[in-house]
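Visitor: One structure is given below, represented as structure tokens, and several questions about it will come after.
Any read-out appearing in this document is the output of simple, stated calculations on the displayed coordinates, not a laboratory observation. These numbers come from a predicted model, not from an experiment. No Cβ is skipped: glycine too gets one built from the backbone with ideal geometry, and neighbour counts run over all protein chains shown.
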Amino acid sequence: MLVNYSDKVNELRARVEKFMDDHIYQHTRRYAELEATGQINDPDAIAFVQELRMRAKEEGLWNLFFPHLRDDEPGHGLSNLEFAPIFEIMGKVFWAPEVFNCNAPNTGNMELLHFAANEEQRQKWLRPLLEGECTSCFAMTEPDVASSDATNIQTSIVRNGDEYVINGRKWFISRAMHPDCRFAILLGKTDPNNPNRHLQQTMLVVPMDSPGLQIIRDTTVLNGHHSGGHPELLLRNVRVPVANRLGEEGHGFAVMQSRMGPGRIHYGMRAIGMAEVAMQLMTSRSKERVAFGKHLHQHGMTAQAIARSRIEIDQARLLCLNTAKTLDEVGVKAARKEIAMIKIVGSELVKNVSERAIRVHGAMGLSNQTPLAEMLTWSWVMGIGDGPNEVHLEAIAKMEVRDNDSAASVKHYLTPGS
């Protein structure tokens with residue numbers, strides 16, 4: 001492809017690829033077994049992940065996603081455009097981004113803290129995440145409302161002197177059960193009667209050991225348990241200092257948007273790596289197996305599956321790079337359409353290519369002998385996480401209609417008098 005990465009990016013890509021070859025791939029089966037047996041949140045069982053994290057940090061392969069680093073913070077300060085081809089490599093293994101401190105929800109939380117935290121808050125919460133001293137979660141989704149519209153949230157935040165008192169329920173709060181999860185960034189309502197629905201919410205940092213915060217149960221995702229879980233949280237009269245507020249009271253919705261843009265483009269970057277793995281597996285299988293006297297790739301349907309997959313992967317990569325460049329140049333708000341598009345394209349890409357690869361593998365594709373079944377299920381997760389694709393499609397359509405003066409543009413193509 002005619003994409004010229006800088007020497008700096010190419011050098012980091014090579015280093016990340018080598019790290020994956022030397023240290024990550026050998027542990028993929030071990031990690032899958034821990035998930036399958038429910039030991040994935042046992043600190044002793046996952047100690048090897050922390051060891052790999054420290055190795056990656058020592059080698060300078062750390063915080064590669066974060067463009068806002070200061071001179072005294074670990075990382076490279078890569079732009080989104082520089083990070084995209086590197087995260088594609090990490091995305092080939094589901095848990096690899098954690099090793100490089102480039103995993104959600106920490107990535108989004110670090111973006112949010114950069115955007116909204118004052119200096120004291122930056123040192124207290126952002127710095128430990130950047131150093132890898134802890135992990136965090138993001139508490140927005142609730143069981144009683146359609147959280148695809150974040151203005152629906154019901155969790156109550158009431159100010160009482162120098163404290164806020166929180167009451168509510170949150171669920172599918174990814175990573176909240178991780179042994180190193182130190183705090184949640186929570187969205188709740190401080191002004192539920194404000195006529196402007198986007199000025200009702202406030203964002204708070206809530207320590208996970210706060211009295212009154214209880215993990216009710218873990219929640220499976222497509223019948224699977226994952227590192228850190230996706231639990232339901234109950235908050236009963238949880239008190240946090242006013243100093244834990246991020247941004248101004250009532251501006252929580254705007255603060256939240258600062259984390260969503262980079263998080264959604266990461267979906268696209270990671271999806272391309274996953275799709276490349278599925279593509280490699282599909283082509284390899286098609287050259288090994290013979291059916292009805294011909295190798296599988298010699299059958300028309302399989303050949304078409306391979307061809308369409310390559311077309312879709314390369315299209316997605318170009319869209320992802322364009323989105324990253326746009327985000328770097330004009331920011332989250334102005335790049336909303338591109339971000340929404342790559343989020344949708346990424347999830348659909350993984351679904352399409354992994355399903356084709358499963359069909360080429362036959363029964364083996366449905367098993368745990370390849371990552372294809374997990375990729376397919378994660379494509380469904382990606383189509384819902386950070387806002388369902390349907391919501392993003394509607395947003396793209398609104399922006400397209402708004403930005404195009406149809407009456408002025410189409411008159412050139414109509415027969416006079418039409």
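Visitor: About the Cα centre, and with charges only on the beta carbon of Lys, Arg (+1) and Asp, Glu (-1), how big is the dipole of the chain? Nearest 20 debye, please.
Guide: 1060
Visitor: Roughly how many debye, to the nearest 20, is the charge dipole of segment 254-403 about its Cα centre, given +1 on each Lys and Arg Cβ, -1 on each Asp and Glu Cβ, and no other charges?
Guide: Taking the Cα centre of segment 254-403 as origin, the dipole is about 260 debye.
Visitor: Same structure, new question: Which GluC sites (Glu not before Pro) from segment 27-119 combine a DSSP loop assignment with at most 16 other Cβ atoms within 10 Å?
Guide: Here the sparse-neighbourhood loop sites are Glu59.
Visitor: Can you divide the C-alpha Rg of the chain by 2.2 N^0.38 Å and report the result to two decimal places?
Guide: 1.03
Visitor: Let me ask another. Calculate the tail of P(r) for segment 135-250: the fraction of all Cα-Cα distances greater than 18 Å, expressed in %.
Guide: Percentage above 18 Å: 47.
Visitor: Compare the peptides 146-156, 183-193 by average per-residue count of other Cβ atoms within 10 angstrom and give them in order, highest first.
Guide: Ranking the peptides 146-156, 183-193 by packing returns 183-193, 146-156.
Visitor: Among Ile384, Val401, His299, whose Cα sits farthest toward the positive end of the charge dipole of segment 254-403 (+1 at Cβ of Lys/Arg, -1 at Cβ of Asp/Glu, about the Cα centre)?
Guide: Among Ile384, Val401, His299, the one farthest towards the positive end of the dipole of segment 254-403 is His299.
Visitor: Still on this model: When a footprinting reagent is the concern and you count Cβ atoms within 10 Å, what order do Asp7, Asp42 take, fewest first?
Guide: Neighbour counts put them in this order, fewest first: Asp7, Asp42.
Visitor: Further question on the same structure: Given only helices, namely DSSP H runs of n ≥ 4 each adding -39500 (n - 2.57), what is the per-residue ellipticity at 222 nm of the chain, to the nearest 500 deg cm²/dmol? Write down the numbers at each step before the final one.
Guide: Values: 13 runs with 194 residues, N = 418.
Using -39500 (n - 2.57) per qualifying helix, the result is -15000 deg cm²/dmol.
Visitor: At what distance in angstrom do the alpha carbon centres of segment 369-385 and segment 82-129 lie from each other?
Guide: 22
Visitor: A further question on this structure: For segment 41-150, state which trypsin sites (Lys or Arg not before Pro) are in a DSSP loop and have at most 12 other beta carbons lying within 10 Å of their beta carbon. Present the calculation step by step, with values, prior to reporting the outcome.
Guide: Values: sites: Arg53, Arg55, Lys57, Arg70, Lys92, Arg122, Lys124; in loops: Arg70, Lys92.
Taking segment 41-150 and a limit of 12 other Cβ atoms within 10 Å, the loop trypsin sites (Lys or Arg not before Pro) found are Arg70.
Visitor: Can you order the peptides 245-257, 293-305 by their average number of other Cβ atoms within 10 Å per residue, highest first?
Guide: Values: 245-257: 19.8, 293-305: 14.5.
Going by the mean number of other Cβ atoms within 10 Å, highest first, we get 245-257, 293-305.
Visitor: Listing Val332, Val238 from the residue with the fewest other Cβ atoms within 10 Å to the one with the most, what is the order?
Guide: Listed from fewest to most nearby Cβ atoms, that is Val332, Val238.
Visitor: Distances over 19 Å make up what percent of all Cα-Cα pairs in segment 7-131?
Guide: 49
Visitor: How big is the convex hull of the Cα atoms of segment 209-367, per residue, in Å³? Please report the intermediate quantities before stating the final value.
Guide: Numbers: hull volume 22.1 nm³, N = 159.
Normalising the Cα hull of segment 209-367 by residue number yields 139 Å³.
Visitor: Run the count for segment 254-403, please: Lys pairs, Cα-Cα under 16 angstrom, 8 or more apart or on different chains.
Guide: Qualifying lysine pairs in segment 254-403: 7.
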